[in-house]
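K.L.:
First, the structure itself, so that you have it in front of you.
The values are calculated or read from the model by the stated rules, or taken from the named source; none is laboratory data. Keep in mind that this is a model prediction, so the values were computed, not measured. Cβ placement follows ideal geometry from the backbone for every residue including glycine, while neighbour counts extend to all protein chains displayed.
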Amino acid sequence: MKKFLQQLKRALGQWSYGRYGYDQLSKVLYFISIVCIGLSLIPGFQFLVVISLVLVVLVSFRTSSKHTAKRRLENEKFLSLTKKPRDWFAFRKEVYANRKTYSYFICTECGRHYRVPKGKGKIKISCPGCGTTVIAKT
Ligand SMILES: [Zn+2]
């Protein structure tokens with residue numbers, strides 16, 4: 001049994017050599033297919049099983065593809081299209097994680113986000129991007 005598993009591991013390793021593998025786009029497609037499976041349990045939404053199956057086939061195709069340059073370009077396009085919402089969520093996550101130690105501000109001139117330590121009282125804050133100053137309570 002142990003020898004069989006070692007042979008299987010080696011065979012899978014040889015098969016996957018030169019293949020593209022998982023990336024962010026594949027993970028998102030896989031997640032959407034799982035959500036579709038869950039929603040297909042609701043009466044009237046059984047058609048989502050087909051969409052889920054198509055997505056699983058697409059993910060399998062992408063991960064086992066040997067055209068790595070094409071797959072990389074697809075992933076880069078996906079990442080560039082989703083940059084704004086991903087940045088927004090990353091910023092919200094940072095604000096939440098540092099909510100007890102920093103106050104966050106948005107510059108009224110250039111729109112840049114910046115932070116200052118909390119508990120300093122009413123202070124004059126200058127934007128690191130454009131130098132605009134505001135007086136705010138931290
Ligand atoms: Zn500014």
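K.L.:
I37 - would you say it is touching a helix residue (DSSP H, G or I) at 6+ places or on another chain (Cβ under 9 Å), without any contact (Cβ under 8 Å) to a residue 60 or more places away in the chain and under 20 Å from P85 (Cβ atoms)?
P.N.:
The answer is no for I37.
K.L.:
Could you tell me which of the residues G13, G38, G44 is in a loop (DSSP other than H, G, I, E, B) and out of contact with any Cys (no Cβ under 9 Å at 6 or more places or on another chain)?
P.N.:
Details: G13 fails: in a loop (DSSP other than H, G, I, E, B); G38 fails: in a loop (DSSP other than H, G, I, E, B).
None of the other options fit; the residue is G44.
K.L.:
Is there a residue being under 21 Å from the mean Cα position of the chain (by Cα) and within 28 Å of Q14 (Cβ to Cβ) anywhere in segment 40-55?
P.N.:
Start the filter on segment 40-55 by keeping residues that are under 21 Å from the mean Cα position of the chain (by Cα), which leaves 52, 55.
Filter once more, so that each one left must be within 28 Å of Q14 (Cβ to Cβ): 55.
Looking through segment 40-55, at least one residue is under 21 Å from the mean Cα position of the chain (by Cα) and within 28 Å of Q14 (Cβ to Cβ).
K.L.:
Take segment 59-73 and flag every residue that is farther than 15 Å from Y30 by Cβ and not small (G, A, S).
P.N.:
Listed by number, the residues that qualify are K66, H67, T68, K70, R72, L73.
K.L.:
Follow-up. Could you give every pair whose Cβ atoms fall below 9 Å, whose first residue belongs to segment 1-30 and is at negative phi, and whose second residue is in a loop (DSSP other than H, G, I, E, B) and surrounded by 13 or more Cβ atoms within 10 Å (Cβ to Cβ), counting only separations of at least 6 or pairs across chains?
P.N.:
Within 9 Å, the pairs are R19/S65; Y20/S65; Q24/T82; S26/Y20; V28/T82.
K.L.:
Shifting gears a bit: Among the numbered conditions (1) assigned by TED's automatic domain parsing to the domain that holds D23; (2) without any contact (Cβ under 8 Å) to a residue 24 or more places away in the chain, tell me where C110 comes up short.
P.N.:
Status for C110: all satisfied but (1).
K.L.:
Return yes or no: is V116 surrounded by 11 or more Cβ atoms within 10 Å (Cβ to Cβ), touching a helix residue (DSSP H, G or I) at 6+ places or on another chain (Cβ under 6 Å) and without any contact (Cβ under 8 Å) to a residue 40 or more places away in the chain?
P.N.:
Numbers: surrounded by 11 or more Cβ atoms within 10 Å (Cβ to Cβ): yes; touching a helix residue (DSSP H, G or I) at 6+ places or on another chain (Cβ under 6 Å): no; without any contact (Cβ under 8 Å) to a residue 40 or more places away in the chain: yes.
No; evaluated as a whole, the condition is false for this residue.
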